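Written below as C-alpha cells is the structure these notes are about.
Computed from the coordinates by the stated procedures, all read-outs in this text should not be read as laboratory data. What you see is a predicted model, and the numbers here were worked out from it, not measured in a lab. No Cβ is skipped: glycine too gets one built from the backbone with ideal geometry, and neighbour counts run over all protein chains shown.
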Amino acid sequence: MQRRTVILALGMAVAVSGIGGPAAAAGGPATPQRLYATNGATSITLSWTEPATGTRPVYFQVYEGGTVVARNTTTHVTIGNLVFDSTHTYTVTAVDQSGLESAASAAISRTAIEGGPFACGFTTPSNLAASGVTASGLSLSWSNAEPYYDEPGTLVVLLDAATVAQTTLDSARISGLAPASTHSVAVARRDCNGTLHTSPALSVTTLAGSASRPAAPSGLAVTGTTNSSVSLSWTASASAASYAVYDGGTQVAAVSGTAATVTGLWRDTAHQFTVSALDSTGGESAQSGSAATSTQPCDTVVPPPVALTVAPRSASTVALSWVSRVQSSGFVVYRSGTQVATVDGSSAVVTGLPSASTASYSVAVQAVANGGACGASAQSAPVTATTLSGPSARPTAPTGLAVTSQSPSSSSNTGNVTLAWSQPASADPVTGYRLYEGSTVLAGTTTTGVTLTLPSGPTHAVYVVAVDAAGNESALDGPVHFTVPFIPFP
C-alpha cells in the first residue's frame, strides 16, 4: 500500500449554519430558560425549558458564538463530534412558524471530557426561589446545574426539615399549608450513600385567608401519552370544588372533574405531575402522590430538510448543503429520485456525473435521533442544477475504502487514522484521489492510501473519488466510518 500523511486542523464542531447571533423579535417566542448541560468524552447534551408564553416555537437553535451548531424540535439536543478536552459556550433560541426568533438564553459553558460521573450526587442544589405563594401553598424552583463529574441523584424537597416530595425536576409545589404561617423550605440532593446535600433554607410566609383545606386527591395515574400531551386521572377528594394539576412547581391545568389532559408539551421530555384539590374558598389541599412519565419521542411528521442549495463544482461534480430542523443520525441524497449518497452531516457531493447534465436533487432525513426509532422524513423540495461543460471522460471509481490502522498521536489531542483503497483499471487515467466528508475535501493524494492526523474524538464518514488530469471525478466509494482515537485522562 502506498500512502502519505496529511495533518488537518479541523473545527471543534461542524456548524450547521453560519448566521449572525439572534436578536429578539417582537411577537415571537419566549426566550428558553433553565439551560443545563451534561457531557461525554466528545459530546455535550443541552436541555432547557420553553415558557408557555409568546408564539409556540417550531424548533430550537443552539449557537456557539454567532454560529448555529445544532437544531431540534424538542427541548434538548446532543452536540457530538467535539474534540476531546475542548471547551464550548452555548446559547439557545426558539424559532416559530413565521421565522421569528427569540432572544438568546443565558449562556452555558462545558468541556467535552471523558466521563461519566465519578461522584454520586454530592452537588448541592442552588438558587432556591419561591413563587405562587397563596394562603395554602407555594411553588419552589432551583437550579439543577451540576459539574460534569457528578450524578443527578434524587432531589428531596424539605418543609420545616421534613421530606414532602422527591423529584428529578427543578421545581415542586408544596400545599395544604395554614394561612399566615411561616415555613423553612429547602431542597437537597441525596447521594448514593443516602446523605442529603441541602441548599440554604428559605423562609416563606403564606398569605392570610381561610383555614379550610380539602383532603388531598389519591390514585393519580397516567392514562395516555402523545408527543405533546399527557392524560391523567385520580380519585376524587371530599369537599373538592376543583383540582389543580402541577408539573413540578408549575400549574398546567385546572379542572372540576377527576381527569385532565395536559397539552402543549414537547416530545421526548420527562414530567412529574401532582394534583391538589381546591375547595370553594380557594383552600388548597396537600399535593397528591406524583406520577412520572415522558411524552412520546417522535414528531407526528418528521420535518424534511429545508434551504437546500446545489452548486456545480466541475463538469463531474455538484455540492449540496441544507438545513435540518431535527437532530438526525443521517441524511439520504437523491438525484432525480434515485438515491446517490448517505451522509451524517448537512452537506454532500455527488460525483462522476456527465458534463452539462441537468438533474433535480433532494435530501431526506434518514433517521431521527432516539436510536433512529422516529424513521425517515419525506424528501425536501427539489433543486435543479447543471454540471459545468467539459470533457466527457470519467475515471473508474476506487473500491474497498477501509481503515487499516489508527492510534493516538504523540501530540496532544490528535489521532492518526490510516485509510487505503484499490484502484481498478481505468480507461481515463487516474492522476490522484480526493477524500470527502460531506462536501468538504478532507485530503488529496496521488497514492491509494493516506494517513490523516486529526483532532481526537470526532467520528467521520469519509468517501474517496478518483480524479483525472482535467480534474473530473469518478463516482464515490464509501463511506467508511471511523472515530479519531484519543488518550483518555487517567
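Quick look at the values:
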item	result
Packing-based exposure ordering (other Cβ within 10 Å, fewest first) of 267, 394	267, 394
Sum of side-chain charges, residue 158 neighbourhood, beta-carbon under 15 Å (Lys, Arg +1; Asp, Glu -1)	+2
Under Karplus coefficients 6.51, -1.76 and 1.60, residue-wise ³J(HN,Hα) of the range 76-92 in Hz, glycine/proline x	7, 7, 10, 9, x, 6, 8, 6, 3, 6, 9, 9, 9, 10, 10, 10, 10
Listed values (1) 93, 49, 37; (2) 72, 59, 38; (3) 173, 82, 41, entry calculated as Cα extents along the principal axes in Å	(1)
Amide proton proximity set for residue 476, modelled H, under 5 Å, gap of 5+	351
J(HN,Hα) series, the range 313-318, from Karplus relation 6.51 cos²θ - 1.76 cosθ + 1.60, nearest Hz, glycine and proline x	9, 6, 6, 10, 9, 10
Mean Cα-pair separation over length for the range 44-180, i.e. relative contact order, pairs under 8 Å, 6 or more apart, %	17
Separation between Cα centres of the range 212-267 and the range 112-178, rounded to whole Å	22
Contact order relative to length of the range 33-112, as percent, for alpha carbon pairs under 8 angstrom and 6 or more apart	35
Table column - 3J(HN,Hα) (Hz), the range 367-378, Karplus curve with 6.51, -1.76, 1.60, x for Gly and Pro	7, 6, 3, 6, x, x, 5, 8, x, 9, 9, 5
Proxy reagent accessibility, fewest Cβ within 10 Å first, across 294, 203	203, 294
298, 374, 120 arranged by Cβ crowding within 10 Å, fewest neighbours leading	120, 298, 374
Relative contact order [Cα under 8 Å, 6+ residues apart], the chain, whole percent	12
